[in-house]
Amino acid sequence: MDALKRKVIEDGVVIDESILKVDGFLNHQIDAGLMYEIGEVFHSQFGDQGVTKVLTIEASGIAPAIMVAHRFNVPCLFAKKAKPNTLNEGHYQTDVHSFTKNNTNRVIVSTEFLSDQDKVLIIDDFLANGEAALGLHRLAQQAGAETVGIGILVEKSFQPGRARLEEASLNVSSLCQVASLKGNKVTLLGDDND
Ligand code: G4P
């Protein structure tokens, strides 16, 4: 997706060889027009899959996911990283370990909002090691729902996330694939960064 690739190249800040900061349009300030376009692109890719729910994880997945859900005209459900006091009914839960942040979050969704009738499209901002996406897929499995695909905005292709998701037979679509962050520079896969 050219608009996202341009943003990553122009506004992305390389923190080190493994971390890209995208606070200007995704992780802090959000480019709403870009999120809208992302909804269009994922709809063109997954629009014939019978998606009933868009599933993401708080916090940064929510902005793109809500625009995707709007385009599909289905609810956007986000997994919470803490069990709220108001959640009294049953819930699905799984542990998601972040290698990037070196922490583990127990993530939950209410049984009220996910069932075996659902066809789930998982959306997230980054794909690094695949832990978040696999965790969301496990939540869908607990509900008996089908994961029809995984839509990622920025894939760090030098990390093992994609391979792990494909090993689990998941259909992954990434709108921007980062081949390397070496030399304080973002290099996109296929070198198509101009
Ligand atoms: P994984 O889910 O693919 O395994 O990724 P990992 O655990 O390594 O990353 C955990 C968190 O760090 C995720 O955010 C992910 O979006 C974010 N992240 C990973 N790599 C990068 C990066 O290069 N740049 C930025 N800006 N973020 C990255 P999270 O824990 O879900 O928190 P939140 O930021 O969504 O609140």
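Coordinate-derived values only; no laboratory data. Nothing here was measured: the structure is a model prediction, and the numbers come from that model. Ideal geometry is used to build each Cβ from the backbone, glycine not excepted, and the neighbour counts take in all protein chains shown.
The alpha carbon centroids of the stretch 79-108 and the stretch 1-40 are separated by 26 Å. For the chain, a Gaussian network of Cα nodes joined below 10 Å ranks 150, 15, 57 by mean-square fluctuation, and the top entry is 15.
Of the residues 85, 147, 110, the one whose Cα sits farthest towards the positive end of the charge dipole of the chain is 85 (charges of +1 on Lys and Arg Cβ, -1 on Asp and Glu Cβ, taken about the Cα centre). Legend: distances between Cα atoms for 5/83; 7/80; 119/182; 21/80; 81/156; 80/185; pairs beyond 32 Å are 5/83; 119/182; 80/185.
For the chain, the relative contact order is 20 percent, taking Cα pairs closer than 8 Å that sit 6 or more residues apart in sequence and dividing their mean separation by the residue count.
Counted by neighbouring Cβ atoms within 10 Å, the residues 112, 58 run from fewest to most as 112, 58.
Say we join alpha carbon atoms closer than 10 Å with springs in a Gaussian network model of the chain; which of 52, 94, 104 then has the biggest fluctuation? The residue with the greatest mean-square fluctuation here is 104.
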